[in-house]
Amino acid sequence: MKQVKLGSILFSIVKYLSLAVFSAVTLIPVCVCIITSFKSNEEYASTSVLELPDQLLFENFRIAFEKANMLRGFLNTTIVLLVVLTVSVFIGAMLAYVLNRFRFPGRRLIENLFMFAALLPGIAMQVTIYQIMYALGLINHLYGYMIVLMGTDIISIYIFLQFFENLPVSLDESAIMDGCTYFGVFFKILFPLLKPAIVTSLVLKGVGVYNEYYASNLYLQAPELKTISTALYTFTGPYGNQYNYICAGVLITIIPILILFLIFQKQVYSGMAAGAVKG
C-alpha cells in the first residue's frame, strides 16, 4: 500500500515538474518578446533580455506598423487566407467524397499518391515548383502564390476522408432514391455534416498560411506584395537587426489571431475534438 502511494506521489511530482518546465519553455520567449518590444535599440544592446525597460516605448509599435507597411501585409494576407481556405475546403471535401463514396479503377493508387506527396519535404520540391511558376509567369503575382498554397493541402483531404468514414452510406442512398443528384447529396446533405472536419481543416491550414514565410518570400518579391510574415524582415539587414521593432511587430501580428480565437474558441474546440479524433 505504501509502495503504491509512494509511486503515486512520485508520478505526481514528475508530472507537475514536467508541466512547469514545458510551461517555462513556452512562456519565456513570449515574455522576452514583450519586454524587448518596449525597449530602445541602445537599451536592448546594453541590458539582459529579461531585464525590464526603464520606460515603456509604445512608439516602437507605431514605427513597426508604419515602416514595415504592415497594413499592406495584413491586406494581402487576408486576401490569401480567404481564397486559399475557401478553395482548399471545397476541393479537399469533394476529393474526399469521390475517393470515399465511389469505387473506380486506380482509386487506391490515387490515395497512395496523396500519401506519397504528403511525405515529400516541401522545401526540396521548391526548385521544381519555382521553375514551373517562372515558366508560367506566376512569380510576383498574388494569385500564383495562392495556387502554390492550394496545391499543397494534402492534410485536409485526409481529414475529410477520415470524417467521411463515419458518415453512413445510407444517407447518400436515401437521397438518391428520392431523386437527388450526386452534387445535391454532397452540398445539401453531406457538406453541412462536415462542420467539425471543416473547422479542423481551417485551423490547421489557416495557421500554416498565416505563418508561411519561405514560399511568400520566394514567390512574392515585390514590396507591394508583402504578406504579414515577410513584412517584419524590413528590420533585418547586414549591419544588424532591430529586434525591438521586430518584437513589436510580432505582437501586432498576434492581435488579430487572438481576437478571432477569443470569438470562435467554442467552435474551434468542438470542431477540433469532433473532427480530429474520429476514426
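The values are calculated or read from the model by the stated rules, or taken from the named source; none is laboratory data. All figures in this text were calculated on a predicted structure; none of them were measured in a lab. Cβ: placed from backbone, ideal geometry, glycine included. Neighbour counts: every protein chain shown.
See the values below:
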read-out	value
Where LYS188 falls short, out of the listed (1) surrounded by 14 or more Cβ atoms within 10 Å (Cβ to Cβ); (2) under 31 Å from the mean Cα position of the chain (by Cα)	(1)
Residue pairs meeting the criteria (Cβ under 7 Å; at least 6 apart or on separate chains; first on the phi < 0 side of the Ramachandran plot, in segment 83-99; second of a type in the set (D, E, K, R) and in a helix (DSSP H, G or I))	LEU85/LYS205; SER88/LYS205; LEU99/ARG107; LEU99/GLU111
Condition broken by ILE257, with the remaining ones in (1) modelled with pLDDT of 90 or more; (2) closer than 18 Å to ARG72 by Cα satisfied	(1)
Residues (within 29 Å of the chain's Cα centre (by Cα), in a helix (DSSP H, G or I), closer than 16 Å to GLN242 by Cβ and not hydrophobic (A, V, I, L, M, F, W, C)) located in segment 53-72	ASN60, ARG62, GLU66, LYS67
Considering residues of segment 27-52 that are part of a loop (DSSP other than H, G, I, E, B) and more than 14 Å from CYS247 (Cα to Cα) only, the residue farthest from the chain's Cα centre (by Cα)	THR47
Residue that is surrounded by the most Cβ atoms within 10 Å (Cβ to Cβ) [pool: residues in segment 96-125 that are more than 21 Å from the chain's Cα centre (by Cα) and over 23 Å from VAL169 (Cβ atoms)]	LEU113
Filtered residue count, segment 220-267, keeping only those that are in contact with a helix residue (DSSP H, G or I) (Cβ under 6 Å, 6 or more places away or on another chain), in a loop (DSSP other than H, G, I, E, B), more than 20 Å from PHE58 (Cα to Cα) and not aliphatic (A, V, I, L, M)	2
Unique residue being part of a helix (DSSP H, G or I), under 26 Å from the mean Cα position of the chain (by Cα) and closer than 30 Å to PHE187 by Cβ when the list is ALA24, ALA93	ALA93
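Okay, residues lined up against (1) surrounded by fewer than 18 Cβ atoms within 10 Å (Cβ to Cβ); (2) in contact with a helix residue (DSSP H, G or I) (Cβ under 6 Å, 6 or more places away or on another chain); (3) assigned by TED's automatic domain parsing to the domain that holds MET94:
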{"position": "VAL127", "(1), (2), (3)": "yes, no, yes"}
{"position": "ASN140", "(1), (2), (3)": "yes, no, yes"}
{"position": "MET150", "(1), (2), (3)": "no, yes, yes"}
{"position": "ASP153", "(1), (2), (3)": "no, yes, yes"}
{"position": "GLN162", "(1), (2), (3)": "no, no, yes"}
{"position": "PRO168", "(1), (2), (3)": "yes, no, yes"}
{"position": "GLY179", "(1), (2), (3)": "yes, no, yes"}
